[in-house]
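Worksheet for the structure shown next.
Just so it is clear, none of the values below were taken in a lab; they were calculated from the coordinates. Source: prediction; values computed, not measured. Heads up, the Cβs are rebuilt from the backbone with ideal geometry, glycines too, and the neighbour counts pull from every protein chain shown.
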2 protein chains.
Amino acid sequence: MSVRQLVNDPDDLVSEALQGLEQAHPELVRHHRDPDFLTRTKPADKVALVSGGGSGHEPLHTGFVGVGMLDAAVPGAVFASPTAYQVRAAIRAADRGRGVLLIIKNYTGDVLNFGIAAELAADEGIEVRTVLVDDDLATESDSGPGRRGTAAVVAVEKICGAAAERGASLDELAALAERVTGSARTLALALAACTHPGQRRPSFELADDEVEFGVGIHGERGTGRRPFAPVRELVAGLTAPIVGALGLAAGDSVIAIVNGLGSTHALELSAAHRELRAHLDARGIAVARSLVGSYVTALDMRGCSVTLLRADDELVDLWDAPVRTPSLTW
Amino acid sequence: MSVRQLVNDPDDLVSEALQGLEQAHPELVRHHRDPDFLTRTKPADKVALVSGGGSGHEPLHTGFVGVGMLDAAVPGAVFASPTAYQVRAAIRAADRGRGVLLIIKNYTGDVLNFGIAAELAADEGIEVRTVLVDDDLATESDSGPGRRGTAAVVAVEKICGAAAERGASLDELAALAERVTGSARTLALALAACTHPGQRRPSFELADDEVEFGVGIHGERGTGRRPFAPVRELVAGLTAPIVGALGLAAGDSVIAIVNGLGSTHALELSAAHRELRAHLDARGIAVARSLVGSYVTALDMRGCSVTLLRADDELVDLWDAPVRTPSLTW
């Protein structure tokens, strides 16, 4: 079976999609060009939150620009970091004189380009702090670039977005972002790999009876293959290592994200959420809040990730605060 | 490439997914069992709106239960109508003594079972009115069962949900529902067919250079195959016949839905929305509001549908009214 997409020239896809997103939500997001980035339509007098990274993970990050979350998002090409100049342009546009928190997923290109942009902006007198989101337990290692950043970035953006809206300072937001990142871990599995726009072959092949555990969100191979199994076992296989890594025990409370990687149906994600709840219930771990849906995708990858964030009253209160963006509203 | 899903026993998928949905949104939806259906957690003193149909189209209808939309949703097995007794149970649970509007997509099984349920409920003294949603232009015909019901049902549920919340009577709501249905048409295309949970073969096969136009949301073949083309041409091919069927002309205004059929990425849907806007802009047709996302799916079908609803101030005002459901909130 070949894979084809709704696309004109694949090189134009990201910019055309930004235009389509702005047209659907003119009251929330504004599309800037040359270079491409998004800002809130109505800026607020507060510390600005800016994130971004390669495209192909939508609704992340562009779908999370709006009230109570991001002030700007900077998308690169599919699975490629935006340039430092793109990021600088977004920082300039988002800053209201109260400083900018840059939320960076831990990938070499993003770390480099957002880092340069932070320096360029600082040279212009803009106060910038950065936080590195590195929640992917599959890439835990004593050496190398460290854990990748995946779905926990949604929690960082939501929780810090709420705090910024309430008037938190740049220092307070940077500390809060570090706390959320440090308290969250994610694991993902794939039933089928993803395919780049304009290409027809997936990034890797799986046999009928295989599941790839520990996959990333860029079509990277995972940490190992396991036999295909009922969702109960697959979700347990994602959840148990996270519970261990966070040291969660009976009486603890979490915010949980069950995230579809692109082509996973809502029925399947609801079923996966049920299994997550059963697994945690059996261990006495309370789920304070759940987010279930396709929020951090890897193009059309089939599969899901589980994220757990150790929760307390402050984090749940910020999670519950109003948010209004194209893809997350409550 | 084989297709596999996150599922335990496929026969349990719908009920398990309902449980997972309730666990994610306990403040919005309540899962009833034996038989399976969903109601709002907090009933309101107003005319009740009840819909449903085969599963596999999620978030339709279960994701639209909540404030400002449905009071109850009744899911059958995947692509199979719920039973009349299931529907009656939902009608009984949803009715607050002010009557029930049943919103039925035009499929033989649904028409039969919802119709029987309406009669059974009427026998018990519950005032019931029904509306048949039949927006799929691909099934326009002078004979047979008439047009299928597809994505326009979201507009019917949203707009009538808002009117019900404002205190509209059952007669008013039935008339409003007829007006929305009569003013909306939809067309869909598939780049790849869907696969039932537990099965590994798609419902039809397409060659690399083919697109199926006029597909339904149950893996039905479409009305014809056309060459694969840029999204600009594909969207124009969906939109032009709808413009013609609704008799839209320069100066007219519409509410537009660009709907993903299951496995279509957010980037692609935003790109498709841009092409829809360009097509309508060129003809002087204004888009008052747009909804872009995967709202009425056909399991993991790859493709999209375009729905246009002729808009006026009243419909736009009801569209804009607050809504809070698991899958649609503003």
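Here is how the numbers come out for the structure above:
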quantity: Amide proton proximity set for A:VAL133, modelled H, under 5 Å, gap of 5+; calculated: A:ILE104, A:LYS105, A:ASN106
quantity: Amide H partners (placed H, <5 Å) of A:THR223, local residues excluded; calculated: A:PHE213, A:GLY214, A:VAL215
quantity: Antiparallel %, DSSP beta bridges [both residues in the stretch A:184-320], to 5; calculated: 70 percent
quantity: Copy-to-copy label separations for B:LEU112, where each label sits 7 Å from Cα toward Cβ, in nm and ascending; calculated: 6.4
quantity: 3J(HN,Hα) from dihedral phi, the stretch A:19-29, Karplus parametrisation 6.51/-1.76/1.60, rounded to Hz, x for glycine, proline; calculated: 5, x, 5, 4, 5, 7, 9, x, 7, 10, 10
quantity: 7 Å along Cα→Cβ, label-point gaps from B:GLY144 to other copies, nm, shortest first; calculated: 5.5
quantity: Helical mean residue ellipticity (222 nm; -39500 (n - 2.57) per DSSP H run of 4+; nearest 500) of chain A; calculated: -10000 deg cm²/dmol
quantity: Global form of the stretch B:1-143, assessed from the alpha-carbon gyration tensor, a/c cut-off 1.5; calculated: oblate
quantity: Label geometry 7 Å along the beta-carbon vector: A:ARG98 inter-copy distances in nm; calculated: 4.1
quantity: Gyration tensor (alpha-carbon) shape descriptor, the stretch B:184-320, a/c threshold 1.5; calculated: prolate
quantity: Summed side-chain charge close to A:LYS105 - residues other than A:LYS105 whose Cβ falls under 12 Å, Lys, Arg +1, Asp, Glu -1; calculated: -3
quantity: Chain B: most fluctuating residue of B:ASP11, B:ASP136, B:ASP36 per GNM, C-alpha cutoff 10 Å; calculated: B:ASP11
quantity: The stretch B:300-308 - phi-based ³J(HN,Hα) in whole Hz, Karplus 6.51/-1.76/1.60, Gly and Pro as x; calculated: 9, 4, 9, x, 8, 10, 10, 10, 10
